[in-house]
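Heads up: the structure comes next, in structure tokens.
The values are calculated or read from the model by the stated rules, or taken from the named source; none is laboratory data. Fair warning: this is a prediction, and the values are worked out from it, not measured in the lab. The accessibility values were calculated without ligands, DNA or RNA, using every heavy atom of the protein model including side chains. Shrake-Rupley method; radii C 1.70, N 1.55, O 1.52, S 1.80 Å.
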Amino acid sequence: MINENQLKFENIVWTFNMRQLAVMVAKALEFKEPVLLNEDTTRLFEWVDGPLLHAMTNGNVFLADEISLADDSVLERLNSLL
């Protein structure tokens, strides 16, 4: 299912660990089991440079449309960055 929907989520890099996590969570939801993600889960994710970092390193413009709709945590990160 992940492979079929990869084009819908082009901004997500589906590493082996991400696919493994997605499959485990999907199976738990399928059988109506609770899912608990702890701090160790963050080790499954790998950093990938995004459009903001590319714009900053290349001296380009980055447009954040409707920034007021972003979560507070995102705004806090952007505030410290800017």
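Flag: S80 matches the condition of being farther than 25 Å from T15 by Cα and either at pLDDT below 85 or in a loop (DSSP other than H, G, I, E, B) (or both).
Give the residue that is nearest to P51 (Cα to Cα), with candidates limited to residues of the stretch 1-22 that are open to solvent by 80 Å² or more (accessible area, probe 1.4 Å) and assigned to a helix (DSSP H, G or I). Spell out how you get there, then give the answer.
First, pick out the residues of the stretch 1-22 that are open to solvent by 80 Å² or more (accessible area, probe 1.4 Å): 1, 3-4, 7-11, 16, 19-20.
Pick out the ones that are also assigned to a helix (DSSP H, G or I) and you get 7-9, 16, 19-20.
Details: L7: 18, K8: 17, F9: 15, F16: 23, R19: 23, Q20: 26 Å.
Looking at the filtered set, the residue picked out is F9.
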